Amino acid sequence: RGRLEFRGFFIDPALQFYMNLDSDTDDEHVVIFHDFWVNYEFSEAFNLYVGKAFVPGSRDWLNDSTRTRFADRSLATTFFRPDRSLGIWAIGEPAEKLYYRVMIGNGFNTTDLRPDEIDTNFVYSGSMWTDLGDYGQGYSDLEFHCEPAAQIGHSFTFTSDRGRDASGAPLAEEAFVRLSDGTRLTQVGALAPGTQVDHFDIYLYSLDAAFKYRGFSVNGEYFLRWL
């Protein structure tokens, strides 16, 4: 994997930009725009972004992949989470140690898809969390907190009326949704013999908590999904 990042501001320090170019072997060495945005920081409570980034449907998903405990995020996160999307979002701290991130995006999972592979429905997603003590970043207590610190939060995501293409086949955007046994929801016979899901909505809610103290840390996230 190779990553090349550019970030800075122009005209006004509050008018900022970010661009992340990504290339790795599982994408046949093709370089893509992994994340990119332009944002204006009106205040600590309201920072407005336009571009491509995470749909904020899970705390573990929002945490940087360089700060996971092992090689990757949890299996539950990989199964339930949304992906990246083009959209508009806001991040802020409206009160001390109370944070939020809300987004209206192109879809639940539209990263790097062509326009003809995506339906016309938006995704609505938000996350809110608070720090109890000086929690910091990442799950591991690399800072060795001498005082207990914790973080608790929750996230919600909704997208409606998932569509199909002109031939009646599921769009690429829908192909990722799976049942608990791994069967794709849009596969013929997934729910009953000879039937196929035409449209579906996704509701995803997650609760998360994490704790750090003297080099010890623990975290967990609970997912609820309605299809």
Of every hundred units of 1.4 Å-probe accessible area on the stretch 1-160, the number belonging to carbon and sulfur atoms, as a percent, is 61
Taking a crude spin-label model, label points 7 Å out from Cα along the C-beta direction, the Glu143 to Ala169 distance in nm is 5.1
Quantify how much of the Cα-Cα distance distribution of the chain extends past 25 Å, in percent.
48
The stretch 143-227, relative contact order [Cα under 8 Å, separation at least 6], %:
38
Report the gain in length on full extension from Ile88 to Leu132: 0.36 nm times residue separation, minus Cα-Cα distance, nm rounded to one decimal.
12.9 nm
Could you run the Karplus curve 6.51 cos²θ - 1.76 cosθ + 1.60 with θ = phi - 60° over the stretch 105-119 and give me ³J(HN,Hα) per residue in whole Hz, x for Gly and Pro?
x, 6, x, 5, 8, 10, 4, 6, 8, 6, x, 6, 9, 10, 7
Return the Rg/Rh ratio of the stretch 53-108 with Cα-based radii and a Kirkwood Rh.
1.00
Note, the stretch 214-227: 3J(HN,Hα) by Karplus (6.51, -1.76, 1.60, θ = phi - 60°), whole Hz, Gly/Pro = x, goes 6, x, 9, 8, 8, 8, x, 9, 10, 10, 10, 10, 10, 10
Between Asp116 and Glu96, how many nm apart are label points set 7 Å from Cα along the C-beta direction?
5.7
Identify, among Thr77, Tyr99, Thr111, the residue whose Cα sits farthest towards the positive end of the charge dipole of the stretch 73-113, taking +1 on the Cβ of Lys and Arg and -1 on the Cβ of Asp and Glu, with the dipole about the Cα centre.
Thr77
For a protection proxy built on the mean count of beta-carbon atoms within 10 angstrom, sort 172-183, 75-86, 191-202 highest first, please.
75-86, 172-183, 191-202
Go ahead and run the numbers for FRET between Ser180 and His29, Cβ-Cβ distance against an R0 of 30 Å, rounding to 0.05.
0.30
To the nearest Å, what is the center-to-center distance of the stretch 39-69 and the stretch 168-209, using C-alpha atoms only?
27
Subtracting the Cα-Cα distance of Tyr40 and Arg214 from 0.36 nm times their residue separation yields 58.9 nm
Can you give the accessible area per residue of the stretch 102-227, in Å², using a 1.4 Å probe?
54
Net +/- balance of residues flanking Ala95 in space, Cβ distance below 14 Å, scoring K and R +1, D and E -1
-3
Could you order peptides 31-37, 124-130, 213-219 by the average number of other Cβ atoms within 10 Å of their residues, highest first?
124-130, 31-37, 213-219
Other-chain or far-sequence residues with amide H under 5 Å of Glu93's (modelled H):
Ala45, Phe46
Rounded, prolate or oblate (a/c below 1.5 giving rounded, otherwise prolate when a/b exceeds b/c) for the stretch 41-142 by Cα gyration tensor
oblate
Hey, what do the phi angles of the stretch 64-80 turn into as Karplus ³J(HN,Hα) couplings, whole Hz, using 6.51/-1.76/1.60 and θ = phi - 60°, x for Gly and Pro?
4, 5, 7, 10, 6, 6, 10, 7, 7, 6, 5, 5, 4, 4, 4, 6, 8
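The values are calculated or read from the model by the stated rules, or taken from the named source; none is laboratory data. Worth saying up front: this structure is predicted, and the values here are computed from it rather than measured. No Cβ is skipped: glycine too gets one built from the backbone with ideal geometry, and neighbour counts run over all protein chains shown. Just so you know, the surface numbers come from the protein's heavy atoms only, side chains and all, with ligands and any DNA or RNA stripped out. Shrake-Rupley method; radii C 1.70, N 1.55, O 1.52, S 1.80 Å.
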